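S.K.: Can you read through this structure? Questions will come right after.
Please treat every number below as a calculation from the coordinates, not as lab data. Predicted model only: the values in this text are computed from it and were never measured. For neighbour counting, all protein chains shown are included, and Cβ atoms are generated from backbone atoms with ideal geometry for every residue, glycine included.
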Amino acid sequence: MIIAVIIYCVINGAFLMDLLLTIHRRCYQNICQRVIVYCALLLMPAMAVADIYQCVDSHGRPSFSHTPCAVESVTGDSAAHVLWRDMQVLVNTGKDNAVSQGADMQSIIDCKNREQAFAKTLDAIDQRLAQLSSVEHKYLFAAQKSLRQCGACGSSAMTHCKRADKSLEKEMIALMPQLKASSR
């Protein structure tokens, strides 16, 4: 008799445990699904935000893109146009120098050598920049200040590279009449 009661309790206990586990799984899956849906709904506005860039094609027509304009988008042969293109290359060179610095002694020495070569290039840019109006091309002058620190071997170099890049973007708008008219 005792064995029969034990078997009955084990069978019913297993059934009850199985029933409780099934209920728990369904509720848990339902909760997980709800959490996933709520997270997706909360993230939807963030996914819809994008940067739009207005560039000018080779025929002078504006075009819109979600990628930044190519360096070649500023066309022209004036001193300011040529200087803008050269400074854009220097921003990329400064970024490469900032990223390539390591903690070992040889890496630091190499970085200092690249920094000195970069400074000599900037000295030549300074001479060309002095021939331009600081009022008309104020963003080129701002970019040049940031470029001095951009090419340096230090932890803040990348911040200065980004500042120089932003100044050059503003100068690009000033150099391109199509963009100047549409940005107002």
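S.K.: Along Cα→Cβ, 7 Å out, is where each label goes; now give me the distance between the ones at N92 and R148 in nm to one decimal.
M.R.: In this crude label model, N92 to R148 measures out at 2.6 nm.
S.K.: Report the net charge of residues surrounding Q144, where surrounding means a beta-carbon distance below 12 angstrom and charges are Lys +1, Arg +1, Asp -1, Glu -1. Could the numbers behind the result be given before it?
M.R.: Details: positive: R128, K138, K145, R148, R163; negative: D86, D123, D126, E171.
Every neighbour counted, the sum reads +1.
S.K.: OK, next. Counting other C-beta atoms within 10 Å, which of K166, K95 has the fewest, and how do the rest follow?
M.R.: Numbers: K166 14, K95 18.
Listing K166, K95 from fewest to most nearby Cβ atoms yields K166, K95.
S.K.: Which whole-Hz ³J(HN,Hα) couplings does the stretch 94-100 yield from phi under the Karplus relation 6.51 cos²θ - 1.76 cosθ + 1.60, θ = phi - 60°, glycine and proline marked x?
M.R.: x, 4, 4, 5, 5, 6, 7
S.K.: Please give me, ordered by residue number, the GluC sites (Glu not before Pro) of the stretch 77-170 that lie in loop per DSSP and have at most 13 other Cβ atoms within 10 Å.
M.R.: Details: sites: E115, E136, E169; in loops: E136.
Filter output for the stretch 77-170: E136.
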